[in-house]
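**Student:** Sharing a structure here in structure tokens format.
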Amino acid sequence: MHKNVAIGSYEEILIEDGFYVLKIQNDTLDIEKVLREIDSSFLQFHFSLKGTARYYFNEGAYHLQVTEENSLLLYNTQKDLPLHVVLEPQCWIVSVIMSIRKFHSLFSNEASYIPFLNDSYSEKKYYSQEMLSPAMAVVLSQVMNYNLHPSIKKLYLKGKVYELISLYFNRTEDADIEQCPFLADEENVRRIRYAKEIMISRMAEPPTLAELANEIGLSLRKLKEGFKQIYGDSVYGFLLDYKLEYARKMLESGKHNVNEVGLKVGYSTASHFIASFKKKYGTTPKKYLTSVS
């Protein structure tokens, strides 16, 4: 293995033979490069949580760019695809590297469902770029940020990565850009992304759907349909997931009590926050705070 990390954080976790996870963070204002040998017997899943990364091939002859909240799947049976990724400032990536043998065993009864497991791809390359769903974003955040005893770290990551891969392949035709004329319009996509940013920035006091539609310049119907197609959830469903995940991170930091966290993410009463948190995570904020402190 060869890796060259200028500044930042690089962690490689071997889950089991033929299956490992890379966590790469560039929290600096500089460009960062990571190199690692990966041969043709492996599949590569690269997920960009934030920022932009460029993946170079053929000794830098060409590259693919992966922006925030997008993923890149790489598979080539004919040649090695060593990892050569350049991270822009403030870029976070989670990569799952899995042998094709290991991956095939996960879908042995459903091989025809996965395009590159078909016989027609046995001697071909397969590259695919997809947007992250809110559910995938939550799992990726959990992979990137956790506070667990070292003895169960691998077990936790193994479960989370299996969940992530399951969500990745749980694609509906609604979310397929090729099947959706709405998503073919880049301006519509830009407006919907802006809507998501507005909801996140004002999560404590979010606008109504009518106000949001007016602000981004789309009809209410197009806002609802477009948001569902891009993020796989309703506007407020997405916001709820985001708020609770944000709250979970605040609790993990150990710098805030339960009441402070609830108010920060927009709950006027502690009881409402506690009920929402327990419904999503199966435990109360106080018990969660105790478990991670």
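**Student:** Want the number for Ser291 to Ser40: 0.36 nm per residue separation, take away the alpha-carbon distance, what's left?
**Tutor:** Result: 86.2 nm gained on full extension.
**Student:** Just tell me which lysines come within less than 29 Å, Cα to Cα, of Lys102; anything on the same chain fewer than 8 places away is out.
**Tutor:** Cα-Cα hits under 29 Å: Lys3, Lys23, Lys33, Lys50, Lys79, Lys124, Lys125, Lys153, Lys154, Lys158, Lys160.
**Student:** What is the count of Lys pairs in segment 183-255 whose alpha carbons sit under 30 Å apart, if the two are 8 or more places apart or on different chains?
**Tutor:** Close lysine pairs found across segment 183-255: 12.
**Student:** What order, most packed first, do the peptides 236-247, 86-97, 198-209 have when packing is the mean number of other Cβ atoms within 10 Å of each residue?
**Tutor:** 86-97, 236-247, 198-209
Here, each number is a calculation from the coordinates, and none is a lab measurement. All of these numbers come straight from a predicted model, not from anything done at the bench. Every residue, glycine among them, receives a Cβ derived from its backbone with ideal geometry; neighbour counts consider all protein chains shown.
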